[in-house]
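Structure record follows, encoded as structure tokens.
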Amino acid sequence: MKNLKRDRMKRYKALKSIDPRAVLRKTTSFLLIAVFCLTFVFIILIGPRPYEGGLREGDIATKTIKAPSDFYVPAGINQKMTRQKKEDAAAGVRDVYEIDNEEVRQVLSEVSIYFDEISLLKKDDKLNEKRKASSLKTKTSISLKSSYISYLMALAEKELSSIERVTEGLLREIMAKPIVVPEKKKELDRRDKKITIIDRSANVEVIAGVDEVITEAEALEVAQGLINDRLDSRDARSASLEIISRVLSANLVFNEELTGKRKQEARDKALPVYRQNLIKKNSIIVAKSQLVTGQHTLYLQKAQEIQNKESNKTSKIYYYYSISTFVIMFFLLFLLYLKLYEPAVFLNTRYLVLIGLLSFLIILSAKIISLSILSVYLIPLASISILIAILLNGRLAIVMTLFLSIFVGIITGEQLSTFIYSLSGGFIGIYLVQNVRRRAQVLKAGFFVGLMSCLTIINIDFMHGLNGKAVLYESFWGLINGLVCAFIVMGILPVLEYLFKITTNISLLELSDLNHPLLKEMVIKAPGTYHHSLIVGNLAEGAADSIGANSLLARVGAYYHDIGKLSKPEYFSENQMGFDDKHAELAPKMSSLIITSHIKEGVELARKYKLSDTILDFIRQHHGTSLTFYFYQRALEREKKDGEVKEEDFRYNAPLPQTKEVALVLLADSVEAATRAIASPTHKKIKKTVQKIINNKFIDGQLDECDLTLKDLHKISASFSRLLAGIYHSRVEYPDPDNEAE
């Protein structure tokens, strides 16, 4: 008893002490919620402000709306002006020219051949000067005066090479400039101010003024100005210029194909010109009880823009302030709800990110749909409600649906009808997926969400005085919404289960398959533990049904709670099958250590097989801090020999059960093991043993951190007793035929 009081005091002090990790989790939770709050404010306020009353295409106007002032609205495309705009855009495209690099190479080649021929003729002593000049004119395309030919022939080879080098250099430099014939120069001066010039050899494209384009004569003048610094001899300069004047030609070519392509691109980019209809001040935009069409929404949006321009800055500030205050206020209320009623969610970063992500997606989709021509009845809020109900819990889903419906109503123009519509669809979806175990149930829930949405839309439209045809049109969107929500849930649910490591009833059913590798291995290596786990699963499932807990989770958790025994199955009594007791030669403390180690080994095995955190909780917590009573008693019997025995050395070092389902497995585990040891079991003996085990666990503090009440414990005891009596009932002893014959 003293040891029990000491343990309780330690646990009390541990709870009272400040846990830095808990402070960090709380701080992280507050920061995440603040980030999502600011994000929601931004999304709601971004974009044009909805028209007062939030009228959208397909709605019924509840009042007559008139134009606040004169304004123009687009009324179809003006074909004539659009064509003119396209042609103007094409005319603004600059003509594209290219420098003909092939022409440059040809000119340089002619000069090189000319000087090569001079060098060859100089060495030919058989020909006189006149015949050399005649031969030069025949073999080359450059025709010079006889005086220049005589001069070049008389030069030494070194001086001739110098003139050749300077001449070719000048030609390269000059023909890098855009050169045209005089007629083209006049045309460019008359038509264009700037042109685009492409030099493919340098891989450059430049925009040049027409004044940068020169004629052949101007190019020759440039050469004359440059040659004075490069050749000393007057005769050499004259000969070089003469050669340049003979070969210099235009090198700028108009690229008609590329120019046409760019002009067509400019035409294609030109936006159409719309005709403008004048809407006079006080003219009726939409009459009361009239069906709002797409054209009405265009006029209403324009009227709203005019009102926003005319309103002063103070009015806009008030609007932004009010929306921001509403969002922050509702977030604070939601934060308060989480702290009071959902502390496990509030302190779990993964759950908060999941809630924030789903909320962000629905708010963003609501904003996009409200700004588009789509009906606001297509906002799939019910899909978020269903996902939260399946992944977390129904109570949280109801609260989330309420808050998100308010935000959707604000986004769509403060519409009460959108709020009611979102709320009804979300609530019916949450109701229909409680304890969902098959994906077909999700499709069924989506169908009924669609029906509820249709009914809600019909009532809203009748309230607004809408006629029969318009009611059918609107209700159709509600049915589509329900089906869209179902497919969204079925598509995204497995992804969210994997990303956020959440185990749902659907994934639990997959784990309940007895062909799972771990369970099949248990049948072979530890058949006694396998049989024990099945019985514990049945006990926990029946007890869970009696107290309203998740029976499927309790059963599946029980299947895997003892997988740690696979590492040393022979050390556990249910697997010894009448063989020698492995603990007979071991010290009690060592035996206790081997028994308690199956928790750690079970966690490692579960992580190897990638079991979810929910199943890991069953493995970690199914013994709590219970005492290995048998080995503790053996240690007490040896106390005189071995010295003082500490009770904490014989307790499991594990967390206490945090949920009802884990607590049920803890109780069922102990009860099944105890009742199996009863000699000649009767219903009375079983009931007494069950009550004793449950009372001991309660007194030992193993149920302190779960939500089980005394009323629940009474129901659990009755359920265990009933099921165990059916399993371990006494049988009539059948007579032995051999004895009867005797």
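The values are calculated or read from the model by the stated rules, or taken from the named source; none is laboratory data. Quick caveat: nothing in here was measured; it's all calculated off a predicted structure. Quick reminder, even Gly has a Cβ in these numbers, built from the backbone with ideal geometry, and neighbours come from all protein chains shown.
Tallying residues that are assigned to a helix (DSSP H, G or I) and either surrounded by 18 or more Cβ atoms within 10 Å (Cβ to Cβ) or not assigned by TED's automatic domain parsing to the domain that holds Glu212 (or both) within the stretch 247-258 yields 1.
Residue by residue, here is whether (1) outside any helix (DSSP H, G or I); (2) basic (Lys, Arg); (3) in contact with a helix residue (DSSP H, G or I) (Cβ under 6 Å, 6 or more places away or on another chain) holds:
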residue	(1), (2), (3)
Ser150	no, no, no
Arg172	no, yes, no
Ala176	yes, no, no
Ile195	yes, no, no
Ser201	yes, no, yes
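Residue count for the stretch 222-246 under the criterion of being surrounded by 13 or more Cβ atoms within 10 Å (Cβ to Cβ) and among the charged types (D, E, K, R): the result is 5.
Kindly provide the set of residues from the stretch 114-138 that are touching a residue at least 24 places away in the same chain (Cβ under 8 Å), within 16 Å of Arg246 (Cα to Cα) and not hydrophobic (A, V, I, L, M, F, W, C), ordered by number. Answer for the stretch 114-138, where residues must be touching a residue at least 24 places away in the same chain (Cβ under 8 Å), within 16 Å of Arg246 (Cα to Cα) and not hydrophobic (A, V, I, L, M, F, W, C): just Tyr114. Looking across the stretch 114-130, the residues that are within 23 Å of Glu159 (Cβ to Cβ) and either surrounded by fewer than 14 Cβ atoms within 10 Å (Cβ to Cβ) or among the basic types (Lys, Arg) (or both) come down to Asp116, Leu120, Lys122, Lys123, Asp124, Asp125, Leu127, Asn128, Glu129, Lys130.
Residue by residue, here is whether (1) outside any helix (DSSP H, G or I); (2) more than 18 Å from Lys697 (Cβ to Cβ); (3) in contact with a strand residue (DSSP E or B) (Cβ under 7 Å, 6 or more places away or on another chain); (4) of a type in the set (A, V, I, L, M, F, W, C) holds:
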| site | (1), (2), (3), (4) |
| --- | --- |
| Lys589 | no, yes, no, no |
| Ile594 | no, yes, no, yes |
| Lys600 | no, yes, no, no |
| Val603 | no, yes, no, yes |
| Arg607 | no, yes, no, no |
| Lys610 | yes, yes, no, no |
| Thr614 | no, yes, no, no |
| Phe618 | no, no, no, yes |
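Inspection of the stretch 384-401 identifies at least one residue that is under 18 Å from Ala34 (Cα atoms), surrounded by 19 or more Cβ atoms within 10 Å (Cβ to Cβ) and under 22 Å from the mean Cα position of the chain (by Cα). Filter the stretch 550-562 down to residues that are of a type in the set (Gly, Ala, Ser) and crowded, with 24+ Cβ neighbours inside 10 Å and give me whichever is farthest from the chain's Cα centre (by Cα). Filtering first and then ranking leaves Ala558. Restricted to helices (runs of 4 or more DSSP H) entirely inside the stretch 1-94, those with at least 3 residues that are modelled with pLDDT under 65 and more than 30 Å from Phe326 (Cα to Cα) are 2-16. Across the stretch 148-157, the qualifying residues are those that are surrounded by fewer than 19 Cβ atoms within 10 Å (Cβ to Cβ) and within 13 Å of Asp116 (Cα to Cα), and the one among them that is nearest to the chain's Cα centre (by Cα) is Glu157. Number of residues in the stretch 138-168 that are under 16 Å from Ser109 (Cα atoms) and not polar (S, T, N, Q): the value is 7. Tell me whether the stretch 567-588 contains one or more residues that are under 18 Å from Arg620 (Cβ atoms), assigned by TED's automatic domain parsing to the domain that holds Lys715 and among the small types (Gly, Ala, Ser). Within the stretch 567-588 (the criterion being under 18 Å from Arg620 (Cβ atoms), assigned by TED's automatic domain parsing to the domain that holds Lys715 and among the small types (Gly, Ala, Ser)), the answer is yes, since at least one residue qualifies.
Exactly one residue among Ser533, Ser507 is over 24 Å from the mean Cα position of the chain (by Cα) and either part of a helix (DSSP H, G or I) or not hydrophobic (A, V, I, L, M, F, W, C) (or both), and that residue is Ser533.
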